[in-house]
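To start, the structure itself, in structure tokens.
Derivation of every value follows stated rules applied to the coordinates shown; laboratory data play no part. Because the structure is a prediction, the values reported are computed rather than measured. Note that we place each Cβ from the backbone using ideal geometry, even for glycine, and neighbour counts take in every protein chain shown.
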Amino acid sequence: MPPPHDFTARLAQYGQSHLAHGWDELTDGSRAALVAQLDDIDFDELAALHAGRDAVASALPPREAIAPVPVVPAVAAPDVRALGAAALARGEVAVLLVAGGQGTRLGFDKPKGVYPVGPVSGASLFRIHAEKVLATVRAYGRPVPFLVMTSQATHADTVAYFEEHSYFGLPRADVYFFQQGTMPAVDIATGKLLLEAPGRLFLSPNGHGGTLTAVAGSGVLDAIAARGVKHVFYFQVDNPLVKVCDPGFVGSHIAAHSEVSAKVVFKERPEEKVGVFAVVNGRCAIIEYSDMPAEMAAERETDGALRYRAGNPAIHLFSVEFLRRATGKGALAYHVARKKVPHFDPATGASVNPTTENALKFELFVFDALPLADRWLVMETSRAEEFSPLKNAAGTDSPATVRASLIELHASWLERAGARVPRAPDGTSLHAVEVSPLFALDELACAAKVAPGTEITGPTYLQ
């Protein structure tokens, strides 16, 4: 059976007739899937991206257009914190968890959120984050919609994991799963879309900026707005230290009438590979570490602190209205990357494993949304209290360092509550200690539940 005329005519119009290769051999389901994939593609946009593939945008504007970003203190004033607490008590805050990645770099073939990091409990990243949301619900007495962004690679496993664990105590109606968008890869020379196999496009995630367009395009943004949500707390699955819905942060965001707010961790060394917040042409922006000249990264203030030190741990607050504006068509521009992409060649009927860059991939970046904000706020946070990402199997940012960070944070909470935590000669806690979010979300809540003089005599899990 030949393909439909309108289908072949559209492919021919854009020079993509090769995509119908092997149509007769495809199953009805594969044909329908291919047509659906192609219906979602803006061929004019792809053609324009391919045409501009050699354009080199200036990484940085003139130095006089760049200045350090103003940063507010980590601790909000009591009245500002109360403002955040009131918004939570009105049900005006949702939580958006970016969880599209797999644990490949960890030697783990499941979604990264399933990885166990609890130093005593063995709790997964998903469990820790979900329990923080549940603890927030209990603390403020109102639902907190929990938006979990997955990808094609992780969606089914993530949903099944939440179902298996009864959504970690959260009402099913308050948990929203939605998938990150994808973009096809195209041949660098010809602009032809690449096939992964006959009848199946090679698709890859469209970047972390695709989180924002997906939450809008999926209808989830409209759904939570209808529930009265005004602000969306955004963070990534690999960081279990995040203070989810921190009322001080929420209150500071509201008090500043901010459209976009962000937490920052101050860089300790110029060479740290982290994007840095700055004011660029009067707008809040992030300068990628790879774009910042070494001499600029090394600049210091009179007190010796790095001048450009506001590192990005990917913890944000967005107003719902800003997300609507920032996810409109064309608001975020795609970045083009040259990659080696294995693919099926319909001309030869063989698979190709390139040894040089042969394809263009396209991604959206979250930080491209920041300059769209007319009002913004940047707030300091402590690395020890809120940033210990899980990225590598060993060494820095590994399971060992993440668990050590959790132990040290929770040991410090216990000590401030008056508990006795024995220390090793190097100052680290002698015993693994862990505080469940359902026991305490912060050191103040922990102090209210732990009696002064409590002795830690072995591995301890407070739940």
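Using only the alpha-carbon atoms of the range 301-378 as identical scatterers, what base-10 log of I(q)/I(0) does the Debye formula give at q = 0.11 Å⁻¹?
At q = 0.11 Å⁻¹ the computed log10 ratios are -0.57.
With the cut-off at 31 Å, report for the chain the share of all Cα pairs above it, as a whole percent.
Everything past 31 Å amounts to 48 percent.
Two-decimal Rg/Rh of the range 123-242 from alpha-carbon positions, Kirkwood Rh?
Values: Rg = 17.1 Å, Rh = 16.2 Å.
Across the range 123-242, the Cα-based Rg/Rh ratio is 1.05.
Which FRET efficiency value, to the nearest 0.05, do you get for A448 and A55 by plugging their Cβ-Cβ distance into 1/(1 + (r/R0)^6) with R0 = 60 Å? Kindly include the intermediate steps, with their values, before the conclusion.
Numbers: r = 58 Å, r/R0 = 0.97.
Approximately 0.55, to the nearest 0.05.
Subtracting the Cα-Cα distance from 0.36 nm times the residue separation, let me have the gained length for H5 to A331 in nm, one decimal. Present the calculation step by step, with values, prior to reporting the outcome.
Numbers: separation 326, 0.36 × 326 = 117.36 nm, distance 3.41 nm.
Gain in length upon complete extension: 113.9 nm.
Suppose a student asked you for the relative contact order of the range 63-389, using Cα pairs under 8 Å spaced at least 6 residues apart; what percent would you report? Please report the intermediate quantities before stating the final value.
Numbers: 669 pairs, mean separation 83.1, N = 327.
It rounds to 25 percent for the range 63-389.
What is the Cα centroid distance between the range 355-384 and the range 83-147, reported in whole angstrom?
Measuring centre to centre over Cα atoms gives 22 Å.
Where the centroid of each part is defined by its Cα atoms, how far is the range 408-447 from the range 239-279 in Å?
Cα centroid of the range 408-447 versus Cα centroid of the range 239-279: 24 Å apart.
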